[in-house]
Protein chains: 2
Amino acid sequence: MWHYSPPLRDWRFVIDDVLQAPAAWAAMPALAHCDADTAALVLAEAGKFTAEVLAPLNGPGDVQGCQWTAGEVRTPDGYAQAYQAFVDGGWPALAAPEDAGGQGLPHLLNAALNEMLASANHGWTMYPGLLQGAMDCLYAHATGTLRERYLPKVVSGEWLSTMCLTEPQAGSDLGLIRTRAVPLPGTAGSAEPAYALSGTKIFISGGEHDLTPNIVHLVLARLDNPAHGPAPVGTRGLTLFVCPKLLPDGSRNGVHCDGIEHKMGIKGSATCVMRFDGATGWMLGEPHRGLAAMFLMMNSARLHVGLQGLGHLEVATQNALRYAQERLQSRAPARPAEVPAAGVDPVSFHPAVRRTLWRLKARTEAGRVLAAWAAQALDEQHGHTDAAVRDEAGHRAALLTPIIKALLTDLGHHGADEALGVWGGHGYLRDWGIEQVVRDSRVSMIYEGTNQIQAQDLLLRKVLVDGGVRLASLLAWASAQCEGSVHAPAARSSLQLVGEAATQLKADAANDGELPFRAADAWLMALGEALLACAWARMDAVASQVLAAGEGNASLLQAKQATARFQFTHLAGEVPRWLSEVAAARHAIEFLPDAVAG
Amino acid sequence: MWHYSPPLRDWRFVIDDVLQAPAAWAAMPALAHCDADTAALVLAEAGKFTAEVLAPLNGPGDVQGCQWTAGEVRTPDGYAQAYQAFVDGGWPALAAPEDAGGQGLPHLLNAALNEMLASANHGWTMYPGLLQGAMDCLYAHATGTLRERYLPKVVSGEWLSTMCLTEPQAGSDLGLIRTRAVPLPGTAGSAEPAYALSGTKIFISGGEHDLTPNIVHLVLARLDNPAHGPAPVGTRGLTLFVCPKLLPDGSRNGVHCDGIEHKMGIKGSATCVMRFDGATGWMLGEPHRGLAAMFLMMNSARLHVGLQGLGHLEVATQNALRYAQERLQSRAPARPAEVPAAGVDPVSFHPAVRRTLWRLKARTEAGRVLAAWAAQALDEQHGHTDAAVRDEAGHRAALLTPIIKALLTDLGHHGADEALGVWGGHGYLRDWGIEQVVRDSRVSMIYEGTNQIQAQDLLLRKVLVDGGVRLASLLAWASAQCEGSVHAPAARSSLQLVGEAATQLKADAANDGELPFRAADAWLMALGEALLACAWARMDAVASQVLAAGEGNASLLQAKQATARFQFTHLAGEVPRWLSEVAAARHAIEFLPDAVAG
């Protein structure tokens, strides 16, 4: 009953018409080898793989889950074969640079792939989920034999990788990390000084599994080496290490999986407790600079988590639509002119369901444009020939990343939760698939930095610190996207209000240092909603233009125009709603008296 | 780690101070036997039973679930013993009339009991969940031997009961029910004419289990008896039957459990597919008047479902509070004056978490007042000596019931989902308990009439039909509750805006018959939020009064005042937000083009 149809038509509309990406690629030497036809081919293949190989494993993997026995983890039936097909298809290397053995394709196509992976099977996708980040990290920091030994295997996907940050006492606060690294005697003077890592890491996705023979752990630890001076306390005293499951001689390293978690969702993904028991590791990057090195992984990971939210929205939307069109229940108060009255109507005719369906559709398609904008900014940041454009694109990507992570995972989870209602009581049953999406999607709001942390990152570290320069640049860019739509004035007015709110917050924060922390969540959502409105203005403009030229798929383009109309009527309250929360945040929030817990 | 502390102090504040219920009981003959001390005793015992007997079974029951084997259902370990303790404690009969063998205690105390049951163990609570409704139904409609045979057993809880409405093709639309009842030959002239029932019912909570020897099914079916004329099509042609698992002679009736559902939550509750295979049943009430008879069950069931939402909110809130006060993570931007600065603070100091905790607290405590108001209205409706007061109370209960069902289940699920974030990644793990509440609470938004159906019931059947008389009466009553609080003007202004929106909807509906269907959900939420504001104005007024008199628990009362301040600053945007959605509903929602599903 549950199905997944890759949104190929929609992605092509975004890439070709909304972003006009092929023309942009042609102007970037590193991406000039990719054109619209290549993109269409990659999308079609990605759609085929996700729909045919991954989607059928989604429900069964949730029911079966992972099995832990004496340190070994067995993934659900079919996961290993699917992973082999993923590697054989060259998917891990899609956006990796060609000089690292990758295909050097645009991040934009990688974004489409990641959305499809999450739609089809979020649990499975956790295993290769960190490959891109690990690749980026090794590409930037690994040298010598370390690079030779690990980069190609990670790029090809032959070995999977993890990101070992969290410890029981150190979640959002990585400054509390206690895992230690001490120099291994006898290797200090060598070309490859090694360290012994000791400590416990939790929430390690794919810390142990049966998909690849080796697993490359990237581990944050406190360096305990007199030669490098004392490790500063807090996050400034962390160093990054590469610590493989199997040592270069093939023997087992001192890395142990002590158990896996029982979770609300993504049950096919092994979330491991990892014990490093004097495990051998090698430093990646500079001593005490581990967090900066790791942030390379985290930013790419954050965009991908945002794409998970989009994937959840997409698959919930398309299934809700189909069910609502097939399920007959009660007579609707109105029906399309061409449909004769009957005793019962499809639930898609009922006003409350109709609103839900349009809302899901409006959020999904605008969220896709938002994510595509960020991916295109990454492509420009790395590949544009003009340094000023590269710079501006980099700033845009930096601002868009936390918005996409927080906004799209929020819409993904709450959208799936709302979609469940379309099935009525059936939505609550495992058989129909939607309840799994609700469970799976909740974690995306938490990991890779909770959505609250994204909001602080955006407002406190990126918006209020530079005199508003980067924000102004983003708003101007977004405003330009609205050109040519009847909805441009509404979208631009939203942008302006959000910009003014930031100016006001900056001014008020002078007398109330806590204010930005209280206002950050709502302000991020306000900006995110304003950008979704811009995405609809842009899609509307493009659809009108293509229709006027008598080109394109008329029914698709007319549906875009209709959805834009829905956005600017039924969703027009979103930006004001969040801005009213920003205004409310100017009131203090008292500390909770002990009495309330008694 | 998960815990449940019954909110006894808070319920006593609501009963004694906010509602001044003991004085009201004293004036009602049927309730005069209940005073403040009796109430306190009942609350304390209910708290003890729920916290000590039911809460420990909640997590394990979720993991173990129910087992179906060849038509028999095994409930999780400990469920049967807990049910026996429930019966021994006299809990099923709490609010049943004394002439039916009940204790005749106020619905208000029954409401407190039901909140606690849901907080402690929603899954288990499903089994006795329909006893009250079945009791009401049998009390009102069963006569002769039918009454003698079934009413006492149901009142005592010796036999459990079900409500068999839904069929595969008939969910929200009961007019599509196909189960048939034909006269059993040879019984037509007898004192007890019997019928043979045939059909399949789904989503039957407790349709089969191992808690009681017999199960009393109340079944909606189409009567096929020439003596009563043809059954009209739709909901007007349904008749209610009593159909027990065991026949009076002890033999097995033709009622079979063909399977149980795998659900998102409430896994300890057996949700059964029931096949009636020529099962013997007896008519309850009049032919073709089954839905009206059943609605007696449904209204009481709807209030109880609203109380489930409250129970979810309460237990999520108290656990989030405790975790947030114990978990140390990161340095907060500010801390209470008396707390020295440290490297890490409890997460309860962090602004985003602080806001979540206050929001949960504000919603829980006002939701409790709202539910208590409805329960008190039921008590007055049935027991007041003045017919005019009974009438007005009945109308108030009729309006409050759908609001409480929809609003509190919405706040319960979304509140639990928000609370999960307080635990960060730990919230996603089964171990911490909160993810179960998120899963369990989702169903309360769906069953006993989806929240969309509640909204239509409220706006279309109760508000727009009588010239606004009942709504005006409710608003005047709610406005009077605000007396004596500094927040009264704000709360009253919200009431007025919601009332004006209804007037406007009525006027606009003349030219747009579908408008009320589009606006109903948001309008219900707006009215619900306005009533929550009134509840806070009332609590603030009471707290100020008791404090001024130098009485009461000062820290509790000051916390009430502080929460009222939070309500009227940080939650002041809720009514405008929903009214803006009501306004947006004036725009048409187009029918979805087939293209969007392609």
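The values are calculated or read from the model by the stated rules, or taken from the named source; none is laboratory data. Keep in mind that what you see is a predicted model, and the values were worked out from it rather than measured. Counting neighbours? That spans all protein chains shown, and the Cβs are built from the backbone with ideal geometry, glycine included. Side chains included, ligands, DNA and RNA excluded: accessible areas come from the protein's heavy atoms. Shrake-Rupley method; radii C 1.70, N 1.55, O 1.52, S 1.80 Å.
Those residues that are in contact with a Phe, Trp or Tyr (Cβ under 7 Å, 6 or more places away or on another chain) and among the small types (Gly, Ala, Ser), I need them from the range B:86-127; list them, please. Within the range B:86-127, B:Gly89, B:Ala100, B:Ala112, B:Ser119, B:Ala120 qualify. Checking each residue in the range B:519-544 for being open to solvent by 10 Å² or more (accessible area, probe 1.4 Å) and either within 13 Å of another protein chain (Cβ to nearest Cβ) or in contact with a Cys (Cβ under 6 Å, 6 or more places away or on another chain) (or both) picks out B:Asp521, B:Met525. Could you list all residues from the range A:216-228 that are touching a Gly at 6+ places or on another chain (Cβ under 8 Å) and surrounded by 23 or more Cβ atoms within 10 Å (Cβ to Cβ)? Within the range A:216-228, A:His217, A:Val219, A:Leu220, A:Ala221, A:Leu223 meet the criteria. The numbered conditions (1) charged (D, E, K, R); (2) assigned to a loop (DSSP other than H, G, I, E, B); (3) under 26 Å from the mean Cα position of the chain (by Cα) are all true for A:Glu483 except (3). Of the helices (runs of 4 or more DSSP H) entirely within the range B:1-59, those holding at least 3 residues that are more than 21 Å from the chain's Cα centre (by Cα) and more than 26 Å from B:Arg327 (Cα to Cα) occupy B:21-26, B:36-48. Output yes when any residue across the range A:184-202 is within 27 Å of the chain's Cα centre (by Cα), assigned by TED's automatic domain parsing to the domain that holds A:Leu284 and at positive phi, and no when none is. So far as the range A:184-202 goes, no, none of its residues is within 27 Å of the chain's Cα centre (by Cα), assigned by TED's automatic domain parsing to the domain that holds A:Leu284 and at positive phi. Of all residues in the range B:1-21, exactly one satisfies the criterion of being open to solvent by 20 Å² or more (accessible area, probe 1.4 Å) and among the small types (Gly, Ala, Ser), namely B:Ser5. Taken over the range B:545-558, the criterion of being within 8 Å of chain A (Cβ to nearest Cβ) and open to solvent by less than 40 Å² (accessible area, probe 1.4 Å) is satisfied by B:Leu556 alone.
Residues to consider are B:Gln561, B:Gln567; find the one that is open to solvent by 20 Å² or more (accessible area, probe 1.4 Å) and either more than 8 Å from chain A (Cβ to nearest Cβ) or not in a helix (DSSP H, G or I) (or both).
Checking each option against the conditions leaves just B:Gln561.
Every residue, every condition in (1) in a helix (DSSP H, G or I); (2) touching a Ser or Thr at 6+ places or on another chain (Cβ under 6 Å); (3) of a type in the set (Gly, Ala, Ser), yes or no:
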| position | (1), (2), (3) |
| --- | --- |
| B:Val273 | no, no, no |
| B:Phe276 | no, yes, no |
| B:Ala279 | no, no, yes |
| B:Phe295 | yes, no, no |
| B:Gly306 | yes, no, yes |
| B:Glu314 | yes, yes, no |
| B:Thr317 | yes, yes, no |
| B:Leu321 | yes, no, no |
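How about the range A:401-456: which helices (runs of 4 or more DSSP H) wholly inside it have at least 2 residues that are at the interface with another protein chain (Cβ under 9 Å from one of its Cβ atoms) and either among the small types (Gly, Ala, Ser) or farther than 18 Å from B:Thr356 by Cβ (or both)? Walk me through how you get there before you give the answer.
On the way: elements: A:409-420, A:434-442, A:451-456.
Helices (runs of 4 or more DSSP H) meeting the threshold: A:434-442.
Criterion first (open to solvent by less than 50 Å² (accessible area, probe 1.4 Å) and either more than 23 Å from B:Gly71 (Cα to Cα) or not in a loop (DSSP other than H, G, I, E, B) (or both)) does B:Gly199 satisfy it?
On the way: open to solvent by less than 50 Å² (accessible area, probe 1.4 Å): yes; either more than 23 Å from B:Gly71 (Cα to Cα) or not in a loop (DSSP other than H, G, I, E, B) (or both): yes.
It is true that B:Gly199 is open to solvent by less than 50 Å² (accessible area, probe 1.4 Å) and either more than 23 Å from B:Gly71 (Cα to Cα) or not in a loop (DSSP other than H, G, I, E, B) (or both).
If I filter the range A:341-361 down to residues being of a type in the set (A, V, I, L, M, F, W, C) and under 19 Å from A:Gly427 (Cα atoms), which single residue comes out as nearest to the chain's Cα centre (by Cα)? This residue is A:Leu360. Looking for something closer than 27 Å to B:Pro351 by Cα, within 13 Å of chain B (Cβ to nearest Cβ) and in contact (Cβ under 8 Å) with a residue 60 or more places away in the chain - is there at least one such residue anywhere in the range A:461-472? Scanning the range A:461-472, I find no residue that is closer than 27 Å to B:Pro351 by Cα, within 13 Å of chain B (Cβ to nearest Cβ) and in contact (Cβ under 8 Å) with a residue 60 or more places away in the chain, so the answer is no. Checking each residue in the range A:505-518 for being more than 14 Å from A:Asn451 (Cα to Cα), within 13 Å of chain B (Cβ to nearest Cβ), open to solvent by 10 Å² or more (accessible area, probe 1.4 Å) and in a helix (DSSP H, G or I) picks out only A:Ala509.
For every residue, the table says whether it meets (1) more than 8 Å from chain A (Cβ to nearest Cβ); (2) open to solvent by 20 Å² or more (accessible area, probe 1.4 Å); (3) within 16 Å of B:Val14 (Cβ to Cβ).
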site	(1), (2), (3)
B:Gly311	yes, no, yes
B:Val344	no, yes, no
B:Ser348	no, no, no
B:Ala352	no, no, no
B:Ala366	yes, no, yes
B:Leu370	yes, no, yes
B:Ala375	yes, no, yes
B:Thr385	yes, yes, no
B:Val389	yes, yes, no
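Is it the case that B:Leu400 is at pLDDT 95 or above and crowded, with 22+ Cβ neighbours inside 10 Å? Spelling it out, B:Leu400 is indeed at pLDDT 95 or above and crowded, with 22+ Cβ neighbours inside 10 Å. Here's a check for you: in the range B:570-598, which residue that is among the β-branched types (Val, Ile, Thr) and under 30 Å from A:Ser580 (Cβ atoms) is nearest to the other protein chains (Cβ to nearest Cβ)? Checking each candidate, the answer is B:Ile589. Tallying residues that are under 24 Å from A:Leu174 (Cβ atoms) and either free of Cβ contacts under 8 Å to residues at least 60 places away in the same chain or not assigned by TED's automatic domain parsing to the domain that holds B:Ala24 (or both) within the range B:348-392 yields 6.
When the criteria are applied in full, B:Pro76 meets the requirement of being in the same structural domain as B:Val389 (by TED's automatic domain parsing), open to solvent by less than 40 Å² (accessible area, probe 1.4 Å) and either closer than 24 Å to B:Thr212 by Cα or not in a loop (DSSP other than H, G, I, E, B) (or both).
In the range B:166-183, what residues are in contact (Cβ under 8 Å) with a residue 40 or more places away in the chain and either within 11 Å of chain A (Cβ to nearest Cβ) or among the small types (Gly, Ala, Ser) (or both)?
Once the filter is applied, which keeps residues that are in contact (Cβ under 8 Å) with a residue 40 or more places away in the chain and either within 11 Å of chain A (Cβ to nearest Cβ) or among the small types (Gly, Ala, Ser) (or both), the range B:166-183 yields B:Ser172, B:Leu174, B:Gly175, B:Ala181.
Of the residues making up the range A:212-248, just one is more than 14 Å from chain B (Cβ to nearest Cβ) and at positive phi, namely A:Gly229. Look at (1) under 30 Å from A:Lys361 (Cβ atoms); (2) in contact with a Pro (Cβ under 8 Å, 6 or more places away or on another chain); (3) at pLDDT 95 or above and you find that A:Ala95 fails only one, number (3).
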